[in-house]
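Input: a single structure, listed below in structure tokens.
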Amino acid sequence: MSYSKFSTKNANYWLVYSCHLKVNKEPIFSEKQIKTLDAIVLESGATDLLEKDGIEKLLKFNQYSYIIKNALKQEKMPLFYFTDVKLTPLGFWTSIFLDDAVPILIFYSGVCGARNKKIKRRKFLSYAFKGIGALALLKLFTPMVSCYVGVTNSKAENLPKFISEINYVVPTPIAEFRNAVTAKKLEDFIAPKLYKELGRKPNIAIVFGAAHAGIKEDLLNKHRRERIIHLMKKLEKKFKNYRLLKDTDIVVELQFKNKKEAIIKTYRAVGFYEKKK
């Protein structure tokens, strides 16, 4: 695994770029170091734990087994939070279209336009499309880069930044929209809540797939995350208010008692995404 360590005015963060198929054994989750964490945010959907056998499923999930095992050994266990959202069918197909179809079409149009020597007045535009298309086409390769980041053992900076910026070119529900909503829940709700309870900056680890490297930039840049959320709301309006994501305002807090028991609290952070009624 690999990670980035950084801070905002509200919290100290470890963003761990994980691989869904591997046990996450980042040193910060070792039996000795995990005690320094106040909270751990896992990628699982916010409402997954509210479903039948939710805790049992979580304990059996290979990716988080090492983390939870060592957390349960602590006298004062870190809190676990679930901020992630689920894609609606519309959100899924919107992501497929923006991630795959659009980059290919733009790139193809740019290449064809650049070869058309007769349309001189549009030469600049054709090359512009080619350049934009080439940049957008890189989005098709980010899953492979993400996979590498998720299995590499190092403090990562450059590759996650690359993933983040490429995904930001054409933000989609499956990646950047989820990143922005999670970052907003962290900076606007979880971190201030813990800061008030602890009387200091909380130490928070975030365990998401490496494709979600944009969470770091969204946490550090309020304007960026708000812009993405604004874009998402505009898209939903275009679709006559059909939702792209579910659970946008839900935060679930889990406090383990033991392997079989836990206290689960659900917060609805109204106003962070949905309008106050």
message = Looking only at the range 1-29, count every residue that is of a type in the set (S, T, N, Q) and exposed (fewer than 13 other Cβ atoms within 10 Å of the Cβ) and tell me the total.
response = 1
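Going by the structure shown, is LYS216 in a helix (DSSP H, G or I) and either more than 13 Å from TYR13 (Cβ to Cβ) or acidic (Asp, Glu) (or both)?
Values: in a helix (DSSP H, G or I): yes; either more than 13 Å from TYR13 (Cβ to Cβ) or acidic (Asp, Glu) (or both): no.
So LYS216 fails the test.
Of these, LEU254, LEU245, LEU220, which one is surrounded by 14 or more Cβ atoms within 10 Å (Cβ to Cβ), modelled with pLDDT under 85 and aliphatic (A, V, I, L, M)?
LEU245
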task = Kindly provide the set of residues from the range 30-44 that are buried (at least 19 other Cβ atoms within 10 Å of the Cβ) and polar (S, T, N, Q), ordered by number.
result = SER44
ask   = When the residues of the range 168-210 are filtered to those that are surrounded by fewer than 24 Cβ atoms within 10 Å (Cβ to Cβ) and small (Gly, Ala, Ser), which remaining residue is nearest to THR8 (Cα to Cα)?
value = ALA191
ask   = PHE97 is checked against (1) at pLDDT below 80; (2) loosely packed, with under 14 Cβ neighbours inside 10 Å; (3) assigned to a loop (DSSP other than H, G, I, E, B) and fails just one. What number does that condition carry?
value = (3)
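The values are calculated or read from the model by the stated rules, or taken from the named source; none is laboratory data. Source: prediction; values computed, not measured. Positions of Cβ are generated from backbone atoms using ideal geometry, with glycine treated the same way; all protein chains shown enter the neighbour counts.
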